[in-house]
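Student: Handing you this structure, nothing more for now.
The values are calculated or read from the model by the stated rules, or taken from the named source; none is laboratory data. Computed from a predicted model, the values in this text were never measured in an experiment. Here the Cβ positions follow ideal geometry from the backbone for every residue, glycine too, while neighbour counts run over all protein chains shown. With ligands, DNA and RNA removed, areas are computed over all heavy atoms of the protein, side chains included. Shrake-Rupley method; radii C 1.70, N 1.55, O 1.52, S 1.80 Å.
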Amino acid sequence: MRSVIAEIPPHYIKSIDASYHFISNFSNLVSGFNLTDMPLGRVTVDNCAFISGIKGSYTGRLISTISVGHRDIPANRSYMRGLSVLGVREMLLVQGPSRASRVSELLPYAVKYADRVGTAISSENKTRERIASGVGFFVTQMYPREDDILMLGRLGFSGEVMISVPAFDDKGTIIKLSEKGFLVPESVAASDDPGSATRRILLGLISRAEGAGLTASAYVVPLRVSTLQKWLEDLIKNM
């Protein structure tokens, strides 16, 4: 069964009540949630505090992002141990603002404190190193290149790849995405129904990932929460 993971929008994480409401509203449609960690430098509620307040009320899959560039090495290790004490068994390490790559340095430590550790797909050499470190899943960039996904299979990785796409249904959002530096596929930008075009791309990439021997999941970044339910229902109907 293919999985759908939803990212909790950063503006929701600023409010505990709003973010818990988001989880309650969509837990029947998705397999799990990812908690962001200071996305684009924005201050949100610390993940440890967030998780301590939701323990017991949500028992599904919960991934905690760790933006390692916002902390030094000892602080990152302390943070991982804190998440582990709270029962978080899946952690996603992302680089954050630091120019020095702390992900590679911290991966072996993270593997000790989580059942599954994930990271982003990088260059072939770095991705190979991350696989050797025990990475359990990879998350792609928004609208990923097929070559990056197939590279995982070529390198012998047989774990999970989460294919990241935005969830939206209006053409105005495409302009905003492009202004932020995201590469929007022409088939989406030219479509009168960009939401459907995005879902078609996602489903095609999932099929190709599975053909490469990977377990493929949808990683959905909600850009329009008001239309997210229908977007997810249309996705799940075709999965």
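Student: Can you report the number of residues in the range 9-24 which are crowded, with 21+ Cβ neighbours inside 10 Å and within 19 Å of His70 (Cβ to Cβ)?
Tutor: Here the count works out to 1.
Student: Check every one of the strands (runs of 3 or more DSSP E) wholly within the range 113-173 and list those with 1 or more residues that are in contact with a strand residue (DSSP E or B) (Cβ under 7 Å, 6 or more places away or on another chain) and farther than 21 Å from Asn76 by Cα. If you could, list the steps in order and put the result at the bottom.
Tutor: Numbers: elements: 116-120, 137-139, 160-167.
Qualifying strands (runs of 3 or more DSSP E): 160-167.
Student: For residues that are out of contact with any strand residue (DSSP E or B) (no Cβ under 6 Å at 6 or more places or on another chain) and either under 22 Å from Ser164 (Cβ atoms) or of a type outside the set (A, V, I, L, M, F, W, C) (or both), tally how many sit in the range 80-99.
Tutor: So in the range 80-99, the residues out of contact with any strand residue (DSSP E or B) (no Cβ under 6 Å at 6 or more places or on another chain) come out as 80-82, 84-87, 89, 95, 97-99.
Checking which are either under 22 Å from Ser164 (Cβ atoms) or of a type outside the set (A, V, I, L, M, F, W, C) (or both) leaves us with 81-82, 84, 87, 89, 95, 97-99.
Selection size over the range 80-99: 9.
Residue-wise test of (1) touching a residue at least 40 places away in the same chain (Cβ under 8 Å); (2) of a type in the set (S, T, N, Q); (3) surrounded by 15 or more Cβ atoms within 10 Å (Cβ to Cβ).
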{"site": "Asn125", "(1), (2), (3)": "no, yes, no"}
{"site": "Phe138", "(1), (2), (3)": "no, no, yes"}
{"site": "Met142", "(1), (2), (3)": "yes, no, yes"}
{"site": "Arg145", "(1), (2), (3)": "no, no, no"}
{"site": "Leu155", "(1), (2), (3)": "no, no, no"}
{"site": "Ser164", "(1), (2), (3)": "yes, yes, yes"}
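Student: In the range 174-190, what count of residues is obtained for those that are in a helix (DSSP H, G or I) and either among the polar types (S, T, N, Q) or open to solvent by 60 Å² or more (accessible area, probe 1.4 Å) (or both)? Give the steps one after another, and end with the answer.
Tutor: Taking the range 174-190 as the starting set, the residues that turn out to be in a helix (DSSP H, G or I) are 174-179, 186-189.
Filter once more, keeping what is either among the polar types (S, T, N, Q) or open to solvent by 60 Å² or more (accessible area, probe 1.4 Å) (or both): 175-176, 178-179, 186-187.
Within the range 174-190, residues that are in a helix (DSSP H, G or I) and either among the polar types (S, T, N, Q) or open to solvent by 60 Å² or more (accessible area, probe 1.4 Å) (or both) number 6.
Student: If you take the residues in the range 40-77 that are surrounded by 19 or more Cβ atoms within 10 Å (Cβ to Cβ) and under 28 Å from Asp234 (Cα atoms), which one is farthest from the chain's Cα centre (by Cα)?
Tutor: The residue in question is Leu62.
Student: For the range 205-232, enumerate the residues that are out of contact with any Lys or Arg (no Cβ under 9 Å at 6 or more places or on another chain), under 21 Å from Lys171 (Cβ atoms) and part of a helix (DSSP H, G or I).
Tutor: Result: Val225, Ser226, Thr227, Leu228, Gln229, Lys230, Leu232.
Student: Against the definition (at pLDDT below 85, not in a loop (DSSP other than H, G, I, E, B) and not hydroxyl-bearing (Ser, Thr, Tyr)), how does His11 come out, yes or no?
Tutor: Numbers: at pLDDT below 85: yes; not in a loop (DSSP other than H, G, I, E, B): yes; not hydroxyl-bearing (Ser, Thr, Tyr): yes.
It is true that His11 is at pLDDT below 85, not in a loop (DSSP other than H, G, I, E, B) and not hydroxyl-bearing (Ser, Thr, Tyr).
Student: Return yes or no: is Ser84 over 18 Å from the mean Cα position of the chain (by Cα) and part of a loop (DSSP other than H, G, I, E, B)?
Tutor: Values: over 18 Å from the mean Cα position of the chain (by Cα): yes; part of a loop (DSSP other than H, G, I, E, B): no.
When the stated conditions are applied, Ser84 does not pass them.
Student: I want to confirm something. Restricting to the range 25-39 and keeping residues that are part of a loop (DSSP other than H, G, I, E, B) and of a type in the set (S, T, N, Q), which single residue is surrounded by the fewest Cβ atoms within 10 Å (Cβ to Cβ)?
Tutor: Here is the first cut: in the range 25-39, the residues part of a loop (DSSP other than H, G, I, E, B) are 27-31, 36-38.
After this cut, where a residue has to be of a type in the set (S, T, N, Q) as well, the list is 27-28, 31, 36.
Values: Ser27: 16, Asn28: 8, Ser31: 15, Thr36: 22.
Among those that are part of a loop (DSSP other than H, G, I, E, B) and of a type in the set (S, T, N, Q), it is Asn28.
Student: Still on this structure, please answer the following. With respect to Val111, determine if the residue is surrounded by 13 or more Cβ atoms within 10 Å (Cβ to Cβ), over 17 Å from Phe33 (Cβ atoms) and of a type outside the set (Gly, Ala, Ser). Write out each step before concluding.
Tutor: Working: surrounded by 13 or more Cβ atoms within 10 Å (Cβ to Cβ): yes; over 17 Å from Phe33 (Cβ atoms): yes; of a type outside the set (Gly, Ala, Ser): yes.
It is true that Val111 is surrounded by 13 or more Cβ atoms within 10 Å (Cβ to Cβ), over 17 Å from Phe33 (Cβ atoms) and of a type outside the set (Gly, Ala, Ser).
Student: Can you pull out the residues in the range 85-98 that are surrounded by fewer than 17 Cβ atoms within 10 Å (Cβ to Cβ) and farther than 21 Å from Ser19 by Cα?
Tutor: Once the filter is applied, which keeps residues that are surrounded by fewer than 17 Cβ atoms within 10 Å (Cβ to Cβ) and farther than 21 Å from Ser19 by Cα, the range 85-98 yields Val85, Pro97, Ser98.
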